[in-house]
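Here's the structure we're looking at; comments come further down.
Here, each number is a calculation from the coordinates, and none is a lab measurement. Keep in mind that what you see is a predicted model, and the values were worked out from it rather than measured. Cβ coordinates were reconstructed from backbone atoms using ideal geometry, including for glycine residues, and neighbour counts include every protein chain displayed.
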Amino acid sequence: MTVFTADLCDAHPEDVRIAEPLFESYGQHAHFGGQVRTLRVFEDNVLVREALSEAGEGRVLVVDGGGSTRCALLGGNIAELAAGSGWSGIVIYGCVRDVHEIDEAEVGVRALASCPKKSEKRGHGERDVPLYFAGIDIHPGDYLYADRDGLIVAGRSLEAASSRT
């Protein structure tokens, strides 16, 4: 079953939060969705790797990287790790690198841009915390849906409504 963000916005106008159109699409899956796990980091991807090495179970990891474009929080190796661990997608309010490798990974990725510089490795950050970026609040346990039309978030699963095959 495929769920489209435009259909969800039409069917649930009061339930969805629509992210500002800031993100570029990477990875094999331009269309993805699932329950949200969150991270807040800044120019440090240790927690990103740790989270994506855990069983994803079709979830989406949402990373608030403070909007930094000075280094990448996700590269090709970690994208492959996420795909192998069963993550549906990754949204990064920050940058990625190794785009040619990420584009081969069986996962959906949204990020602000690409940057060739790697991040620091300090292990600083917070897990499973409420986030705010792109004009919306995102909480652990929310549901995120992304496709070529954009990125939306809801407090509950909306997959049973407005679906097409």
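General remarks:
- Region 93-145-region 38-71 distance, computed between alpha-carbon centres (Å): 5
- Exposure proxy ranking for L73, L52, based on other Cβ atoms within 10 angstrom of each Cβ and starting from the fewest, stands as L52, L73.
- Maximal additional length on extending the N77-A6 stretch stands at 22.3 nm, based on 0.36 nm per residue less the C-alpha distance.
- Contact order, relative form, for the chain: 36 percent (alpha carbon pairs under 8 Å, 6 or more residues apart, mean separation divided by residue count).
- For the chain, the list of Cys residues with no other Cys C-beta under 4.7 Å reads C9, C71.
- Over all directions, the projected convex hull of the C-alpha atoms in the chain averages 8.2 nm² in area.
- In this simple spin-label model, placing a label point 7 Å from the Cα along the Cα-to-Cβ direction at both E24 and R122 gives a separation of 2.6 nm.
- Net charge contributed by nearby residues that have their C-beta within less than 12 Å of V107 (K/R +1, D/E -1): -3
- Ranking V60, L74, L8 by Cα position along the charge dipole of region 1-76, where only Lys, Arg, Asp and Glu carry charges on their C-beta atoms, puts L74 farthest toward the positive end.
- Look at D147, D137 and count the other Cβ atoms within 10 Å of each Cβ; fewest to most, that gives D137, D147.
- Diffusion coefficient of region 99-165 by Stokes-Einstein, Kirkwood radius over Cα pairs, 20 °C, 1.002 mPa s: 141 µm²/s.
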